[in-house]
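Peer 1: Dumping the structure here so I can ask a few things about it.
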Amino acid sequence: MTAKRRALVAANWKMNGSLSANADWAAAFVPKAADLRCDVVVCAPFVYLCTLGRSLAPAELGAQDVSERTAGAFTGDVSGEMLADVGCRWVIVGHSERRQLHGESDAVVAAKAARALQAGLRPIVCVGETLEQREAGRTDAVVSAQLAAVLDAIGPEGLSRGALAYEPVWAIGTGRNATPAQAQDVHGALRAQVARQDPSAAAGLRILYGGSVKPANAVELFSQQDIDGGLIGGASLSPADFLAICAAARI
Ligand code: PGA
């Protein structure tokens, strides 16, 4: 068994938070975060990024989306350069809620990943199948097509500067996580797909699992060979639960 990669645990606050709730979160998290032996990212709503700044250190700051464009007449969009300007190091792209609720295609997600890298951000690229697709036996085909579009745009080396996140749509916010074996199967297939283009980038690529990760299931999920951490939604809203999940990623 080869040595695992340094774990990465990312909080996805989604559309939650307020100035006072975020300050409370930071006050509960930061004093207990010094001993964490994994990399930690907090992806907050756009409007709070500036205020959060470096206040969550040692956690780094991330956004939840980025425009595929650079600047100009794109009302409501936020560019990668703007995110970098306010202190973001990371950005989630292709979350299933963006794909489903905002119609983001594989091509748009790939373009966003490319823009993120050009702006100096590390993309956390999400892939995942719906329940219907899983039950139709199409999981591998779906996630492999999603990954292929991103690899075409940024290559294995670009992807490995960020991270890949496998998030089965049926496990997000449902309390129903993929079993460690189900997740490992998909993670292994995703890494193999990257390895066919670049074995060394694939070996270093961090592949996160997301979908109802909780303190109670994190250790078993993170102990799988190809699971290098997690993308945490609901449980990240509680600093105590998020810290417990980060502690489970000490490998
Ligand atoms: P969840 O969300 O942990 O609430 O299932 C994960 C995600 O959507 O990133």
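Peer 1: Residues in segment 208-217: is at least one farther than 23 Å from A145 by Cα, more than 16 Å from the ligand (Cβ to nearest atom) and without any contact (Cβ under 8 Å) to a residue 60 or more places away in the chain?
Peer 2: no
Peer 1: Which pairs do you get when a residue that is more than 15 Å from the ligand (Cβ to nearest atom) and of a type outside the set (G, A, S), found in segment 157-177, comes within reach of a residue that is open to solvent by 10 Å² or more (accessible area, probe 1.4 Å) and part of a strand (DSSP E or B), reach meaning Cβ atoms under 7 angstrom, with the pair 6+ apart or on two chains?
Peer 2: Between residues of segment 157-177 that are more than 15 Å from the ligand (Cβ to nearest atom) and of a type outside the set (G, A, S) and residues that are open to solvent by 10 Å² or more (accessible area, probe 1.4 Å) and part of a strand (DSSP E or B), the close pairs are R161/R122.
Peer 1: Report yes if L49 is in a loop (DSSP other than H, G, I, E, B), more than 16 Å from the ligand (Cβ to nearest atom) and open to solvent by less than 50 Å² (accessible area, probe 1.4 Å), otherwise no.
Peer 2: In short, no.
Peer 1: Next question, about the same structure. Within segment 80-130, which residues are under 26 Å from A141 (Cα atoms), of a type in the set (S, T, N, Q) and away from the ligand (no atom under 14 Å from the Cβ)?
Peer 2: Residue satisfying the conditions is S105 alone.
Peer 1: Right, another one. Scan segment 66-106 residue by residue and report those that are in contact with a strand residue (DSSP E or B) (Cβ under 8 Å, 6 or more places away or on another chain), in contact (Cβ under 8 Å) with a residue 40 or more places away in the chain and open to solvent by 20 Å² or more (accessible area, probe 1.4 Å).
Peer 2: Once the filter is applied, which keeps residues that are in contact with a strand residue (DSSP E or B) (Cβ under 8 Å, 6 or more places away or on another chain), in contact (Cβ under 8 Å) with a residue 40 or more places away in the chain and open to solvent by 20 Å² or more (accessible area, probe 1.4 Å), segment 66-106 yields only R89.
Peer 1: Going residue by residue through segment 160-172, is there one that turns out to be farther than 15 Å from D226 by Cβ, of a type in the set (K, R) and at pLDDT 95 or above?
Peer 2: Within segment 160-172, one or more residues are farther than 15 Å from D226 by Cβ, of a type in the set (K, R) and at pLDDT 95 or above.
Peer 1: Give the number of residues within segment 194-227 that are part of a helix (DSSP H, G or I), small (G, A, S) and either under 15 Å from R6 (Cα atoms) or open to solvent by 10 Å² or more (accessible area, probe 1.4 Å) (or both).
Peer 2: Of the residues in segment 194-227, 7 are part of a helix (DSSP H, G or I), small (G, A, S) and either under 15 Å from R6 (Cα atoms) or open to solvent by 10 Å² or more (accessible area, probe 1.4 Å) (or both).
Peer 1: Which residue is most open to solvent (accessible area, probe 1.4 Å), if the candidates are limited to segment 1-46 and must be without any contact (Cβ under 8 Å) to a residue 40 or more places away in the chain and of a type in the set (S, T, Y)?
Peer 2: S20
The values are calculated or read from the model by the stated rules, or taken from the named source; none is laboratory data. Because the structure is a prediction, the values reported are computed rather than measured. Backbone-built Cβ (ideal geometry, glycine too); neighbour counts: all protein chains shown. For the accessible areas, the whole protein counts, side chains as well, though only heavy atoms, and no ligand, DNA or RNA atoms are used. Shrake-Rupley method; radii C 1.70, N 1.55, O 1.52, S 1.80 Å.
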